[in-house]
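J.: Take a look at this one; I'll ask things after.
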Amino acid sequence: MSDPIPVLTIDGPSGSGKGTISRLVAQRLGWHYLDSGALYRAVGVAAGWADLDLDDAGALVRCTFDTDIGFRESAEGDLRVLVNGHDATDELRTETAGAAASAIAAIPEVRAALKDRQRAFRRAPGLVADGRDMGTVIFPDAPFKVFLTASAAERADRRYKQLKDKGVSVTMDGLLREILARDARDASRTVAPLRPAEGAVHIDTTGLGIDAVVERVLAVVAP
Ligand code: C5P
């Protein structure tokens, strides 16, 4: 029997606006929100703290099982991520954490170990799940599926502005290279590669404002 709790999956490459859009859509619907990338990033950060080698798959799998990941809302209403009890939200957003997450996410046992943790987010009245394989692997029975894209140049530009606002110094060229490398790795890995789920509604966000994208995504749930 299919699960009666509705899920809206929002998949797409890095910088396509998934995080911002998913959070706003979840707020508008009054549904829960899963930032699945944060789980992979959290393991990446924990692996960094433990000084693990990113080529040592066995150690990374053990690290996945041993890492406690918690989400809580701050007094200001933003989502904080706790890794082994420490607030690691800011560290999680760095490109270093993203690159570590992408390397770790290619290990099948790591993905398997995080499967149930992700599915546990499916709670009434509904869930907006943001990631790479939400519609294909984690919630294949989701009634609503979206695939968000944007040109690589625009995605690099968005990341550049985000990081600059946070005072992180990066170059546009470097960012674009990192984004393209991460896209290539995410799309070419053998397990759960980044690809649109069957039946997903494609939305190209290049040149679109946040509000316009939110309305298009909401229209998928309530046409
Ligand atoms: O979405 P975010 O940029 O936070 O994800 C970081 C990395 O985690 C991605 O580049 C991808 O390799 C991995 N990831 C994944 N599957 C997901 C979410 C993220 O493989 N569902």
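The values are calculated or read from the model by the stated rules, or taken from the named source; none is laboratory data. Since this is a predicted model, take the numbers as computed values, not measurements. Reconstructed Cβ throughout: ideal geometry from the backbone, glycine too, with neighbour counts over all protein chains shown. SASA here: full protein model, heavy atoms, side chains in, ligands and nucleic acids out. Shrake-Rupley method; radii C 1.70, N 1.55, O 1.52, S 1.80 Å.
J.: Could you grab me the full set of residues in the stretch 113-138 that are out of contact with any helix residue (DSSP H, G or I) (no Cβ under 7 Å at 6 or more places or on another chain), under 19 Å from G17 (Cα atoms) and near the ligand (Cβ under 9 Å from one of its atoms)?
T.: D133
J.: Kindly indicate whether any position in the stretch 21-38 is in contact with a Cys (Cβ under 7 Å, 6 or more places away or on another chain) and within 15 Å of the ligand (Cβ to nearest atom).
T.: The answer is no; no qualifying residue exists.
J.: Something else now. So, in the stretch 80-98, how many residues would count as being closer than 10 Å to V45 by Cα and of a type in the set (A, V, I, L, M, F, W, C)?
T.: 4
J.: Here is a further query. Yes or no: the stretch 172-194 includes at least one residue that is in contact (Cβ under 8 Å) with a residue 60 or more places away in the chain, out of contact with any Pro (no Cβ under 9 Å at 6 or more places or on another chain) and among the β-branched types (V, I, T).
T.: No, the conditions are met nowhere in the stretch 172-194.
J.: Being modelled with pLDDT under 95 and crowded, with 21+ Cβ neighbours inside 10 Å is true for just one of A75, A101, A38, A42. Which residue is that? Let's see the steps before the verdict.
T.: Details: A75 fails: crowded, with 21+ Cβ neighbours inside 10 Å; A38 fails: modelled with pLDDT under 95; A42 fails: modelled with pLDDT under 95.
Being modelled with pLDDT under 95 and crowded, with 21+ Cβ neighbours inside 10 Å holds for just one of A75, A101, A38, A42, which is A101.
J.: Can I ask one more? Going through D211, D183 one at a time, which residue ends up being more than 17 Å from A99 (Cα to Cα) and assigned to a helix (DSSP H, G or I)?
T.: After applying the criteria, what remains is D211.
J.: Something else about it: What strands (runs of 3 or more DSSP E), lying completely within the stretch 1-75, carry at least 1 residues that are aliphatic (A, V, I, L, M) and free of Cβ contacts under 8 Å to residues at least 60 places away in the same chain?
T.: Strands (runs of 3 or more DSSP E) meeting the threshold: 69-73.
J.: Against the definition (assigned to a helix (DSSP H, G or I), more than 13 Å from the ligand (Cβ to nearest atom), within 23 Å of D90 (Cα to Cα) and of a type outside the set (G, A, S)), how does E178 come out, yes or no?
T.: On the way: assigned to a helix (DSSP H, G or I): yes; more than 13 Å from the ligand (Cβ to nearest atom): no; within 23 Å of D90 (Cα to Cα): yes; of a type outside the set (G, A, S): yes.
It is false that E178 is assigned to a helix (DSSP H, G or I), more than 13 Å from the ligand (Cβ to nearest atom), within 23 Å of D90 (Cα to Cα) and of a type outside the set (G, A, S).
J.: Okay, moving on. Applying the selection to the stretch 108-129, what residues are in contact (Cβ under 8 Å) with a residue 60 or more places away in the chain and open to solvent by 10 Å² or more (accessible area, probe 1.4 Å)?
T.: Keep residues of the stretch 108-129 that are in contact (Cβ under 8 Å) with a residue 60 or more places away in the chain, which gives 108, 110-111, 114, 117-118, 121-129.
Matches in the stretch 108-129: P108, R111, R117, F121, R122, R123, A124, P125.
For (1) under 20 Å from the mean Cα position of the chain (by Cα); (2) surrounded by fewer than 14 Cβ atoms within 10 Å (Cβ to Cβ); (3) within 27 Å of P140 (Cβ to Cβ); (4) hydroxyl-bearing (S, T, Y), each residue gets a yes or a no:
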position: L175; (1), (2), (3), (4): yes, no, no, no
position: L180; (1), (2), (3), (4): yes, no, no, no
position: A187; (1), (2), (3), (4): yes, yes, yes, no
position: R195; (1), (2), (3), (4): yes, no, yes, no
position: H202; (1), (2), (3), (4): yes, yes, yes, no
position: L208; (1), (2), (3), (4): no, no, no, no
position: V213; (1), (2), (3), (4): yes, no, yes, no
position: V217; (1), (2), (3), (4): yes, no, yes, no
position: A222; (1), (2), (3), (4): no, yes, yes, no
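J.: Could you grab me the full set of residues in the stretch 85-98 that are open to solvent by 70 Å² or more (accessible area, probe 1.4 Å) and more than 10 Å from the ligand (Cβ to nearest atom)?
T.: Of everything in the stretch 85-98, those that are open to solvent by 70 Å² or more (accessible area, probe 1.4 Å) and more than 10 Å from the ligand (Cβ to nearest atom) turn out to be H86, D87, D90, E91, T96.
J.: Please work out if S151 is polar (S, T, N, Q) and either touching a residue at least 12 places away in the same chain (Cβ under 8 Å) or open to solvent by less than 30 Å² (accessible area, probe 1.4 Å) (or both).
T.: Yes, satisfied.
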